[in-house]
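Asks: Take a look at this one; I'll ask things after.
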Amino acid sequence: MAFQIPFKFSGSASDALVSSRARASKMMEYDQPLVWVTLLLMLFGMVMVYSASISLPDSPKFAAYKNTYFLQRQAAFIAVSMIAGLFVFRVKVATWQRLAPWLFGITLVLLALVFVPGLGVSVNGGRRWVNLIVFKPQPSEIMKVVAVLYAADYTVRKQQYMHKLTKGFLPMAGAIGLVGLLLLLEPDLGAFGVIVCIAMGILFLGGINAIWFGGIGAVLVVIFSTIIALSPFRRARMFAYLDPWQEDNALNKAYQLTHSLIAFGRGELFGVGLGGSVEKLHYLPEAHTDFLLAVIGEELGLAGVLITIAMFYWLVKRAFDIGRQAIAIDQTFAGLTAKGVGIWIGVQTFINMGVNLGLLPTKGLTLPLMSYGGTGVFINCVGLAILLRIDYENRVMMRGGRP
């Protein structure tokens, strides 16, 4: 007697089950290409920081340091930042939304602490660090990621008022204006510019009235122009930028710019070879921080610069793709935050590269993920870990789960 199975799946049900399992298996738990591009940028930056700083101990200012001093510290910064990123990745997006106003208030306090004697640390005439004994964070860097979270949360909370000036824009303008006042007192016009771009970009994406947005943009141009016009050293730097090769400018305010351009010129298509830069031999100041791209251009040529630009372009584009995906599944805060991270990385990268290439006036902004600096790399990793978490929750929700 033949044995028969007493029940069986219907064809449509079994096909659907197999199909859903196949689809699930093809979708990764997290965005691996985003992780790899981030790691490549940090490791590539570490190599170039070492190359740019290896000769610094030859100068009296860094005579007490070893040749590997900046390499070792940058490697430690990257390691700590990656560990922090793992912890940040485990925090739900909803938690960041709930904490956003509190984080904004705490960071405002940190910005104010830089002016407290004994706590604020002054370097090259600017008070931008807080001495917390164990470490010295730079609050302006922290404010960049906090501004992303706060602006996204504010836009979601005030969505119904986005077309009104008094209830929609002015409260946000007041908050960013307070941040700007503290940053201008440090002074740090570059960080203020990035934070303004973050806030305005998120408000625009969140649906602020187009007429108000255009008017506010014009007002901001006037404000920044006035700040430059009323500041003698900023005004002198602007005139030097317009004519960097004039003798007085080349030896003073445009000194960094002219030597940066010389570095790119020496690099030509494929560079003089890794480690072969001449400009880093005490000709180009801050070669391992603000002018790292110039060293890349000299040692690796146009090819190295284009590869660097391509990686940053992909990173920013991916952030906007993740944000668009989040908004499509009704996760507005997550979507605006992801796009805010893209605006932050994109604007800061554009300014740094523009300064190095002579397209913009000289301004002290680092190249994200690559330039030497503990707080900068740490905060970049925190922002990208939040971006990865948003992408992770998108994938979970598209599978029908709950984050």
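Asks: Return the lysines within reach of LYS144: Cα separation strictly under 27 angstrom, same-chain partners fewer than 8 residues apart disregarded; answer none if there are no such residues.
Replies: Answer for LYS144, where 27 Å is the Cα cut-off: LYS92, LYS136, LYS158, LYS164, LYS167, LYS317, LYS339, LYS363, listed by chain and number.
Asks: May I ask for the percentage of alpha-carbon pairs in the range 103-158 that lie more than 12 Å from each other?
Replies: Everything past 12 Å amounts to 65 percent.
Asks: Same structure again: Given contacts defined as C-alpha pairs under 8 Å and at least six residues apart, what's the relative contact order of the chain, whole-number percent?
Replies: Numbers: 546 pairs, mean separation 95.7, N = 403.
About 24 percent, as a whole number.
Asks: With the Cα gyration tensor of the range 108-225 in hand, convert its eigenvalues to equivalent ellipsoid semi-axes via √(5λ) and list them largest first in whole Å.
Replies: Numbers: eigenvalues 175, 45, 21 Å².
Output for the range 108-225: semi-axes of 30, 15, 10 Å.
Asks: Right, something else. Between MET398 and SER122, what's the calculated FRET efficiency when r is the beta-carbon distance and R0 is 45 Å? Round to 0.05. Walk me through the intermediate numbers first.
Replies: Details: r = 50 Å, r/R0 = 1.11.
For MET398 and SER122, the calculated efficiency is 0.35.
Asks: Still on this model: Given 0.36 nm per residue, what is the gain on full extension from GLU286 to VAL219 after removing their alpha carbon distance, in nm?
Replies: 20.8 nm
Asks: Right, something else. How much of the calculated P(r) for the range 215-301 lies past 21 Å, in percent of all Cα pairs?
Replies: When every Cα pair of the range 215-301 is considered, 44 percent fall beyond 21 Å.
Asks: Mind telling me which of MET238, MET200, MET143 comes out most flexible in a GNM of the chain, alpha-carbon contacts under 10 Å?
Replies: Answer for the Gaussian network model of the chain: MET238.
Asks: How would you order 258-267, 64-73, 225-234, 368-377 from highest to lowest mean count of nearby Cβ atoms within 10 Å?
Replies: 368-377, 258-267, 64-73, 225-234
Asks: Please report the Cα spread of the range 171-260 along all three principal axes, rounded to whole Å, starting with the longest.
Replies: 48, 25, 22
Asks: Distance from a point 7 Å along Cα→Cβ of VAL80 to each backbone N in the range 98-132: keep the residues under 12 Å and list them by number.
Replies: From the range 98-132, the list is 132.
Asks: Apply the Karplus curve 6.51 cos²θ - 1.76 cosθ + 1.60, θ = phi - 60°, to the phi angles in the range 30-37 and return the couplings in whole Hz, x for Gly and Pro.
Replies: Once θ is set to phi - 60°, the couplings for the range 30-37 become 8, 7, 5, x, 5, 5, 5, 5 Hz.
Asks: Now a separate question. Give me the compactness ratio for the range 320-403, meaning the Cα radius of gyration over 2.2 N^0.38 Å.
Replies: Expressed relative to 2.2 N^0.38 Å, the Cα Rg reads 1.31.
Asks: Obtain the nm distance between the two label points defined at LEU40 and TYR65 by a simple spin-label model: each point lies 7 Å from its Cα along the Cα-to-C-beta direction.
Replies: 2.9 nm
Asks: Could I ask something else about it? Would you kindly calculate the mean projected area, averaged across all directions, of the convex hull enclosing the Cα atoms of the range 33-161, in square nanometres?
Replies: For the range 33-161, averaging the hull's shadow over all directions gives 11.0 nm².
Asks: So what are the three principal axis dimensions of the chain from its Cα atoms, in whole Å, longest to shortest?
Replies: 102, 55, 41
Asks: In addition: How do 314-321, 49-56, 77-84 rank on mean C-beta neighbours within 10 Å, highest first?
Replies: 49-56, 314-321, 77-84
Asks: Expressed as a whole percent, how much of the Cα-Cα distance distribution for the range 250-302 exceeds 15 Å?
Replies: Details: 472 of 1378 pairs.
Value for the range 250-302: 34 percent of Cα pairs lie more than 15 Å apart.
Asks: Grab the Cα-Cα distance for ASP248 and GLN32, subtract it from 0.36 nm times how many residues apart they are, and report the gain in nm with one decimal.
Replies: Additional length available on full extension: 72.7 nm.
Asks: At a 10 angstrom cut-off on C-beta neighbours, averaged per residue, how do the peptides 130-140, 29-39 rank from highest to lowest?
Replies: Ranking the peptides 130-140, 29-39 by packing returns 130-140, 29-39.
Values in this text are rule-based calculations from the coordinates and carry no lab data. Computed from a prediction, not measured in an experiment: that's the story for all the values here. Neighbour counts run over all protein chains shown; Cβ positions are idealised from the backbone, glycine included.
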